Amino acid sequence: MKHLLSFFLVLLFASIYAQETTLNISESAEYKDKVKATDVLTIHTTQNGLTGVIRSSKRDILFDVFDKELKKTHSLIIESSKKESYVGEVVYGDEIKVFTVFSPKVKERVVYCHVFNIKSGNHSKQKLFEVTVPKKRFLFSSRKERQTSVGISPNGKYLAMATDNINKDINDYAIRVFDATTLELLFVKSYQKHQEKYFKHNDISVNNNGEVFVLGKLYKEGKKEKKNGEANYDFILNKITKESNNELSISLADQHIQNLNITVVDDKLHLIGFYSEKRTGKIKGGCNFVVDANNFTVTSKKNYELPLDVYEDLFGDKRGSKRKGKELTNFYVDYILEDSQGNTYLLAEEFYITQNYVSTGMNGGYWQIVYHYDDILILKFGVLGELDWGRSIFKRATSPSYNAFVKNDELHVLLNSGKNLLEKKDGRTKVSRGWFESSSLYDIVYNSSGEVLYNKVQDNKGKTYYLPYYGTYQDGKFIMMSSGRKKRQFMILQ
């Protein structure tokens with residue numbers, strides 16, 4: 001008993017003080033759903049303060065509208081099918097366009113666009129195209145990525161979709177460009193057509209002239225990432241219009257890169273990601289390839305090793321300096337954000353899977369799969385592509401748990417953790433929940449220089465439990481939905 005008491009005293013004095021968030025907090029009235037819908041596809045708030053929420057259930061897609069006070073003003077339930085699956089969405093103005101693939105037969109694929117106007121509450125569903133695919137082949141090769149197969153131009157005029165041109169004997173890929181208002185098909189263009197070489201799509205970007213930039217890996221031989229210790233691929237940036245298709249090869253020198261993502265700053269494409277000196281999946285640092293969109297040339301290639309702050313946040317003061325320069329692993333990009341100055345924030349979360357054997361006594365047992373959503377890695381790139389700073393969050397979770405946004409040029413990371421954040425003897429702040437500990441909602445804030453503050457939004461015990469992961473940021477306001485199957489509520493931070 002004495003040892004147990006000492007243990008809890010250590011926890012008490014190790015708790016880090018978290019000030020209250022400086023954001024204004026408000027909550028909506030509670031409402032009830034007509035059907036159970038746990039999967040949030042997208043949330044968007046218009047400039048007029050209306051919020052549209054699209055969710056899915058086993059047989060339906062739900063479209064809801066909420067006013068400025070987040071009171072439900074409109075609800076629509078559209079019957080769906082188990083054979084219709086969500087693949088992505090784009091948002092512009094008052095409209096959310098959600099894309100689905102319907103598979104009526106083994107080899108048939110029909111792509112639909114659900115158009116939901118938040119202001120009017122109107123919904124329409126339009127077929128974009130249909131194709132025949134070989135058995136066990138996917139139309140969207142990047143279906144697990146976030147919005148990497150569909151893009152909309154900043155002016156809302158052009159919609160582009162990248163798919164596989166399903167062909168049994170030839171690697172072939174297609175871009176379809178639509179009028180974003182009428183959904184009329186403007187053109188289809190094949191790209192990266194090779195008898196042997198395989199292309200792995202990474203990201204897509206559309207400019208106001210309807211020019212489409214498609215980024216991906218072109219493998220030199222087969223699909224292996226390495227050959228003779230070197231990267232077995234080049235990154236290829238395609239610039240596609242109705243009349244032409246230009247290719248820009250971005251060769252790698254002693255680098256291994258899992259994925260690159262496109263951001264646009266002052267008519268320059270920044271191809272941002274993580275690099276390794278050993279193999280893809282590991283991280284030595286951040287990289288930024290800057291491409292002039294008009295001349296279509298690479299103007300700079302920059303690599304930056306992870307700063308010491310990243311290692312000290314993850315491993316502590318002493319171990320961090322010893323680990324400096326060693327590669328991290330299992331991180332996947334979640335968010336790419338920009339501030340008002342044109343700086344870019346790259347956020348990635350550590351993800352991996354383990355198995356535990358659970359004994360059931362006399363009858364044996366079973367293997368249980370455990371999903372780990374752990375540490376968060378943050379890099380800030382300046383307007384010219386240089387690395388400004390890097391930090392990390394020492395975190396443990398078993399489900400997707402965080403969201404991020406930039407407000408007043410400060411980065412906010414929202415997540416649920418234990419009631420008291422623990423500051424360990426080695427200087428680390430552990431963001432996780434203990435076995436018998438209640439939870440709290442935190443706002444972790446990084447200023448422009450990378451200095452961090454831990455702000456508590458609320459203690460969750462006895463209060464509504466909110467899910468930052470399913471949140472949206474628009475015009476200085478972050479809105480997130482509560483957990484629960486039928487009763488729902490919103491929290492607003494502004």
- Query: Modelled label-to-label distance, S321 and K200, 7 Å Cα→beta-carbon offset: nm?
  - Reply: 3.8
- So the compactness index of the stretch 312-468, its C-alpha Rg divided by 2.2 N^0.38 Å, takes the value 1.17
- For the stretch 53-104, listing trypsin sites (Lys or Arg not before Pro) in a DSSP loop whose Cβ sees at most 10 other Cβ atoms within 10 Å gives K82
- Message: Could you give the length gained by full extension between L76 and E225, i.e. 0.36 nm per residue of separation minus their alpha carbon distance, to one decimal place?
- Response: 49.0 nm
- Note on the structure: With 0.36 nm assigned to each residue of separation and the Cα-Cα distance removed, F296 to K83 gains 72.6 nm
- Message: Rolling a 1.4 Å sphere over the protein heavy atoms, what is the accessible area per residue of the stretch 294-354, to the nearest Å²?
- Response: 51
- On the full set of protein chains, 1.4 Å probe, figure out the accessible area of K486 and give it in Å² to the nearest 10. 90
- Query: Which shape class, rounded, prolate or oblate, goes with the stretch 189-287 when its Cα gyration tensor gives a ≥ b ≥ c as root eigenvalues, a/c under 1.5 marks rounded, and past that a/b bigger than b/c marks prolate?
  - Reply: oblate
- Rg [Å, one decimal], Dmax [Å, integer] - the chain, C-alpha atoms: 23.7, 79
- Query: How large is ³J(HN,Hα), in whole Hz, for each residue of the stretch 472-480 in order, when computed from phi with the Karplus curve 6.51 cos²θ - 1.76 cosθ + 1.60 and θ = phi - 60°, using x for Gly and Pro?
  - Reply: 9, 10, 8, 6, x, 10, 9, 10, 9
- Message: Can you classify the stretch 131-274 as rounded, prolate or oblate using the Cα gyration tensor, where a ≥ b ≥ c are the square roots of its eigenvalues, rounded means a/c under 1.5, and otherwise it's prolate if a/b beats b/c and oblate if not?
- Response: oblate
- Note on the structure: At R0 = 45 Å the Cβ-Cβ FRET efficiency linking W435 and V264, nearest 0.05, sits at 0.45
- Given a 1.4 Å probe, the accessible area of the stretch 365-425 per residue, as a whole number of Å², is 40
- Message: Ignoring ligands, DNA and RNA, please state the percent of accessible area on the chain from carbon and sulfur, probe 1.4 Å.
- Response: 47
- Note on the structure: Checking the stretch 221-285 for GluC sites (Glu not before Pro) in a loop per DSSP with at most 12 other beta-carbon atoms within 10 Å yields E221, E243
- Note on the structure: Here the net charge surrounding I118, from other residues whose Cβ is less than 9 Å away from its Cβ (Lys, Arg +1; Asp, Glu -1), is -1
- Note on the structure: Quick shape check on the stretch 286-390: root eigenvalues a ≥ b ≥ c of the Cα gyration tensor, a/c under 1.5 is rounded, otherwise prolate if a/b tops b/c, else oblate, and it reads prolate
- Query: Near the amide H of S438, under 5 Å away, which other amide H atoms are found, from residues 5 or more places off or on another chain, if H is placed in the peptide plane?
  - Reply: K419
- Pull out the extension gain between S448 and N460, defined as 0.36 nm times the separation in residues minus the alpha carbon to alpha carbon distance; nm, one decimal. 1.4 nm
- Query: Summing +1 for each Lys or Arg and -1 for each Asp or Glu, what net charge is found among the other residues whose Cβ lies under 12 Å from the Cβ of S438?
  - Reply: +2
- Item | Sites N246 and K127, calculated FRET efficiency, Cβ-Cβ separation with R0 25 Å, nearest 0.05 | 0.20
- Cβ charges +1 (Lys, Arg) and -1 (Asp, Glu), total dipole of the chain, debye: 2080
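The values are calculated or read from the model by the stated rules, or taken from the named source; none is laboratory data. Everything quoted here is computed from the prediction, not taken from an experiment. Virtual Cβ from ideal backbone geometry, glycine too; neighbours counted across all protein chains shown. Just the protein is used for accessible areas: all its heavy atoms, side chains included, with ligands, DNA and RNA removed. Shrake-Rupley method; radii C 1.70, N 1.55, O 1.52, S 1.80 Å.
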